[in-house]
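Read through the structure below, which is laid out as structure tokens, and then see the notes.
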Amino acid sequence: MADTIKIEDIEERVVLVGVSEQDGDDADDSLSELAELVKTAGATVVGTLIQRREKIHPGTYVGTGKVAEIAELVESTGATGIVCDDELSPAQQKNLETYLDTKVMDRTLVILDIFASRATTSEGKIQVELAQLKYRLSRLSGLGKSMSRLGGGIGTRGPGEKKLEVDRRLINDRIAQLRRELKEVQKHRDITRAKREKNKVPVVAIVGYTNAGKSTLLNHLTEADVLEEDKLFATLDPTTRILALDGKQQVLLTDTVGFIRKLPHHLIEAFKSTLEEAKYADIIFHVVDASNMQREKQMFITYQTLDDLGVKDKKFVTLFNKQDARTDNEPLHDFRADYTLNISAAKDLGLDEVKSLLEEILRENKVYIERIIPYDKAGVIQLIRKQGELVSEEYVADGIQIKAYVPMEVYGRLD
């Protein structure tokens, strides 16, 4: 068994480095978001630097002239490392470490580190470790200096604490083992999903940009008691809870991992089974932080990720959340959504309208009936409760008088 390196926590002070390839891009916003990621990972930002150039330098990310400026900034601020806003190639990382003689990290490593600290379920831990190992595998030749100065901080959580980095064969063996374990977990997920489909229980997937308020919405609709924090990726593992509607119908609400700019492809691949909950859902709740001035870009990134996952032909309900925190009066639009509502989940504002709209959507493919069910056929009432919406029932001389919305397959059985 591989030896374990003892890691001591240190206070990391980092300089953020980004590249702007054209005027009007979102490099400044992306770097601000990177600062939030670094803060979530437990480090302190002591300086920022953006290089304006036509394209990212293949050897040093920012160009050799800018490296000297970074070195001066690192020395003057007492930084213990730098964090680049894009995923670095092994060559870029190695060259920067050589020139700067300090710890060099990238956006992907920070996100992986946050995921490692947030995963609580066995599936989440497997997925995170798998993504981390794939990331490290491509960087074995360039990890010499950074691994020799391990002392805690970003990039040292999870499998980074073991000597797997120095042996490609061991990493490949571990990846193979994790993939086998993940397949077993996916089998269980597929069985659970098949049971839900058989039981005809509608599924609503909650998606959106990280920190948009997805967990808060789930909590206030279902009393799920999921962690709520004003941090990026506050919750990682998906949570499914039952929501009982006023019409006595039940639906399953599933929270999913939040999306973000430049979400590492290692994570998209590793978390595909989790993210695909949206693919198999009947309805999508797209939660948007209406108080964030970058909401349009965040909506675009969310839809782009959903498109990559093959999520299509779904009913989309966009919930413009955090209305109580808005500082602007700009109109809110989402032209890809079938429905939009303004809410504040934390304040319980608009949640009754959310449930009413959900009932309305679920009724769209159902038939409204008023019938008297003979007592010897009373078993069909349970079927209606399970797959439809039983509005009312009254016991009369001839049987049970009902008003209900039922799917076509149930309607056929009634005839």
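Only the coordinates and a few stated rules stand behind these numbers; no lab work does. These figures come from a predicted structure and were not determined experimentally. Heads up, the Cβs are rebuilt from the backbone with ideal geometry, glycines too, and the neighbour counts pull from every protein chain shown.
A few comments on the model shown:
- Every helix of 4 or more DSSP H residues in the chain counts as -39500 (n - 2.57), and over all residues that averages to -12500 deg cm²/dmol at 222 nm.
- Overall Cα dimensions of segment 201-362, principal axis frame, Å, largest first: 42, 38, 30
- Gap separating the Cα centres of segment 303-324 and segment 53-127, nearest whole Å: 31 Å
- Mean separation of Cα contacts under 8 Å, 6 or more apart, over the residue count of the chain: relative contact order %: 12 percent
- Relative contact order of segment 365-414, taken over Cα pairs closer than 8 Å and 6 or more residues apart, is 49 percent.
- The chymotrypsin sites (Phe, Trp or Tyr not before Pro) of segment 330-415 that DSSP puts in a loop, and whose beta carbon has at most 15 other beta carbons within 10 Å, are 335.
- Charge dipole (Cα centre; +1 on Lys/Arg Cβ, -1 on Asp/Glu Cβ; no other charges) of segment 201-362 amounts to roughly 380 debye.
- Placing +1 on the Cβ of every Lys and Arg and -1 on the Cβ of every Asp and Glu, with nothing else charged, gives the chain a dipole about its Cα centre of roughly 1600 debye.
- Across segment 365-414 the C-alpha pair distances fall into 5 Å bins from zero in the proportions 5, 24, 37, 24, 8, 1, 0 percent.
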